[in-house]
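To start, the structure itself, in structure tokens.
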């Protein structure tokens, strides 16, 4: 099996597993679990960077790595924004005198 086909299998199985796991999370727990998803997306960003570095002259691997890096980065930034907004809802409002 070549590196390209192994990378595609990992991408396919990871996508299916992620879809299955996210589908099982109740909506009330989705926002608190964003912090954990940020950590997982950080690991995904490292894997995507490794794939980009090791792709060499292989254009399909470079494209897959770039797309996965973009999605992981989008997820990390969105997760931090949602977490910040959630924490702002629970902070005390400043009172005016």
**Message:** Given contacts defined as C-alpha pairs under 8 Å and at least six residues apart, what's the relative contact order of the chain, whole-number percent?
**Reply:** 31 percent
**Item:** the chain: angle of helix 3-24 to the longest principal axis, Cα-based, in degrees nearest 10
**Value:** 30 degrees
**Prompt:** In nm, what is the difference between 0.36 nm times the number of residues separating residue 71 and residue 17 and their Cα-Cα distance?
**Reply:** 17.8 nm
**Item:** Debye equation applied to the C-alpha atoms of the chain, log10 I(q)/I(0) at 0.13, 0.17, 0.19 Å⁻¹
**Value:** -0.57, -0.83, -0.95
**Item:** Percent of Cα pairs exceeding the 11 Å cut-off, where the set is region 46-87
**Value:** 63 percent
**Request:** Calculate for the chain the 222 nm mean residue ellipticity that helices alone would give, adding -39,500 (n - 2.57) per DSSP H run of length 4 or more and normalising by residue count, nearest 500 deg cm²/dmol.
**Result:** -28500 deg cm²/dmol
**Item:** Tilt relative to the chain, helix 59-90 - C-alpha long axis, 0 to 90 degrees, to 10
**Value:** 10 degrees
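On full extension of the chain, what length is gained from residue 43 through residue 58, given 0.36 nm per residue of separation minus the C-alpha to C-alpha distance?
3.1 nm
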**Item:** 0 to 90° range, to nearest 10: angle between helix 34-55 axis and the chain longest Cα axis
**Value:** 20 degrees
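Read-outs: derived from the displayed coordinates by stated rules, not from any lab. On a predicted model such as this, the values are computed, not experimentally measured, just so you know.
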